Amino acid sequence: MKKTSVIPAGVTLVGDIEGDADLVVAGKVDGPIHVSGALLIEAGGQVRGHVRARTVTVRGVLKGDAYGELAVRVEESARLVGELTAPRVQVAVGARFRGQVHMNEVGEPRLSAYDPALHTFSGLPAPSRQAPAEAGVFEEAPRTPFEARPAEAMREEAPRAEEPTPAPTRSEAADPRRRPLRMPSVGRVRGRRRGGS
Amino acid sequence: MTDANIPGYLGAELVVRGRVSGEGDLTIEGSFEGELNLQGDLRVGGRGRVRAPVIARRVAVEGRLEGDVEAAEVIVREGGRLVGDVRAPRVGLEDGGALLGTVEMDVELPEFE
């Protein structure tokens with residue numbers, strides 16, 4: 001079991017977080033978060049930026065969109081301005097919430113890859129394009145995309161000898177467009193058969 | 001349930017960029033690039049890779065830290081590597097640790113006769 005990462009109360013990060021981990025935010029994060037595990041914005045925690053995780057639970061403040069691969073849960077103590085996108089979305093009575101809810105149904109694209117070109121995940125249109133009339137609601141939320149390249153560059157800089165080579169990031173593994181197509185070479189097979197007979 | 005006293009921790013799987021400030025303690029086992037300004041303690045764990053100027057109360061380096069450090073106490077532990085200048089009244093370099101940089105400390109020397 002991996003140890004859960006924590007931005008503790010009293011600590012502020014202006015920047016972004018990404019990785020294959022669970023994360024609890026009890027302090028403040030001004031920037032996007034993308035983790036493959038569970039993300040919990042604790043009561044007292046504040047995030048300004050889009051967040052994406054397997055499950056997103058909000059007990060504190062979120063100004064930005066929440067993408068949950070499995071679920072997004074907004075608890076009673078939460079204050080949230082942004083869009084919620086997940087196959088399962090729960091909003092507790094008492095939560096302060098302004099924004100749209102998108103429930104993925106079967107057949108819709110899975111939230112599996114972040115597309116920096118669209119500044120969004122999985123090829124779903126960016127929220128601002130999707131609902132231009134309500135763009136004002138999201139005006140203050142940053143639209144900073146995750147920068148995949150610098151993160152990879154940082155990993156490469158770390159010495160390899162002491163740690164196993166990092167597994168391909170989720171987006172690389174999940175993105176079928178990155179895999180080269182391999183076609184069987186028919187001509188070569190034929191040639192071999194001729195030579196044998 | 002997390003409470004206010006839970007220590008800060010950035011796991012080895014995380015890549016964090018930006019500016020961190022605040023009063024809590026923080027342990028970094030992942031990759032961090034940016035700026036660290038803590039009133040609490042910073043520990044760069046054995047798997048931690050930090051590239052940032054650091055201001056903190058106490059700093060312990062078990063992994064790699066690249067950047068100038070200002071603290072009340074700096075300790076580079078075995079296997080740790082600190083590349084940068086250090087300004088601290090207490091500096092420790094353990095056997096097997098590496099410190100590449102200048103240590104700045106106010107040193108009072110006795111008058112030479």
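Of all the listed residues (B:79, B:46, B:24), the sole one being in a loop (DSSP other than H, G, I, E, B) and under 17 Å from residue A:12 (Cα atoms) is B:24. One residue alone among B:76, B:69 is crowded, with 23+ Cβ neighbours inside 10 Å and under 29 Å from residue A:33 (Cβ atoms), and that residue is B:69.
Quick one: is residue A:27 under 14 Å from the mean Cα position of the chain (by Cα) and closer than 21 Å to residue B:9 by Cβ? Taking the combined requirement at face value, the residue does not satisfy it.
Counting the residues of the range A:30-73 that are of a type in the set (Ser, Thr, Tyr) and modelled with pLDDT of 95 or more gives 1.
The residues of the range B:49-76 that are touching a Phe, Trp or Tyr at 6+ places or on another chain (Cβ under 8 Å) and assigned to a strand (DSSP E or B), listed by number, are B:49, B:50, B:51.
For the range B:22-49, name all the residues that are within 7 Å of chain A (Cβ to nearest Cβ) and crowded, with 18+ Cβ neighbours inside 10 Å. Across the range B:22-49, the qualifying residues are B:22, B:24, B:26, B:30, B:31, B:33, B:34, B:47, B:49. Residue A:4 meets each of the listed conditions (1) facing another protein chain (nearest Cβ under 7 Å); (2) touching a Phe, Trp or Tyr at 6+ places or on another chain (Cβ under 9 Å) apart from (1).
Across the range A:7-25, the number of residues qualifying as under 25 Å from residue A:88 (Cα atoms) and within 7 Å of another protein chain (Cβ to nearest Cβ) comes to 6. Number of residues in the range A:98-125 that are surrounded by fewer than 17 Cβ atoms within 10 Å (Cβ to Cβ) and either at pLDDT below 65 or among the aromatic types (Phe, Trp, Tyr) (or both) equals 13.
Does residue A:28 fit the bill of being more than 7 Å from chain B (Cβ to nearest Cβ), surrounded by fewer than 24 Cβ atoms within 10 Å (Cβ to Cβ) and either charged (D, E, K, R) or on the phi > 0 side of the Ramachandran plot (or both)?
Details: more than 7 Å from chain B (Cβ to nearest Cβ): yes; surrounded by fewer than 24 Cβ atoms within 10 Å (Cβ to Cβ): yes; either charged (D, E, K, R) or on the phi > 0 side of the Ramachandran plot (or both): yes.
Here the answer is yes, as residue A:28 does meet what is asked.
Name the residues in the range B:75-96 that are more than 20 Å from residue B:31 (Cα to Cα) and out of contact with any Lys or Arg (no Cβ under 6 Å at 6 or more places or on another chain), would you? Give the derivation first.
If we filter the range B:75-96 for residues that are more than 20 Å from residue B:31 (Cα to Cα), which is where we start, we get B:85-96.
Within the range B:75-96, B:85, B:86, B:87, B:88, B:89, B:90, B:91, B:92, B:93, B:95, B:96 meet the criteria.
Note on the range A:31-44: among residues that are buried (at least 24 other Cβ atoms within 10 Å of the Cβ) and assigned to a loop (DSSP other than H, G, I, E, B), the one that is farthest from the other protein chains (Cβ to nearest Cβ) is A:32. I'd like the full set of residues that are out of contact with any Gly (no Cβ under 9 Å at 6 or more places or on another chain) and assigned to a loop (DSSP other than H, G, I, E, B), limited to the range B:82-101. B:88, B:89, B:95, listed by residue number. Among the residues of the range B:13-52, the ones that are in contact with a Lys or Arg (Cβ under 9 Å, 6 or more places away or on another chain) and either hydrophobic (A, V, I, L, M, F, W, C) or free of Cβ contacts under 8 Å to residues at least 12 places away in the same chain (or both) come to 10 in all.
Could you tell me whether residue A:53 is buried (at least 21 other Cβ atoms within 10 Å of the Cβ), free of Cβ contacts under 8 Å to residues at least 40 places away in the same chain and in a loop (DSSP other than H, G, I, E, B)? Write out each step before concluding.
On the way: buried (at least 21 other Cβ atoms within 10 Å of the Cβ): yes; free of Cβ contacts under 8 Å to residues at least 40 places away in the same chain: yes; in a loop (DSSP other than H, G, I, E, B): no.
In short, no.
The values are calculated or read from the model by the stated rules, or taken from the named source; none is laboratory data. Predicted, not measured: the structure shown is a model, and the values here were computed from it. Heads up, the Cβs are rebuilt from the backbone with ideal geometry, glycines too, and the neighbour counts pull from every protein chain shown.
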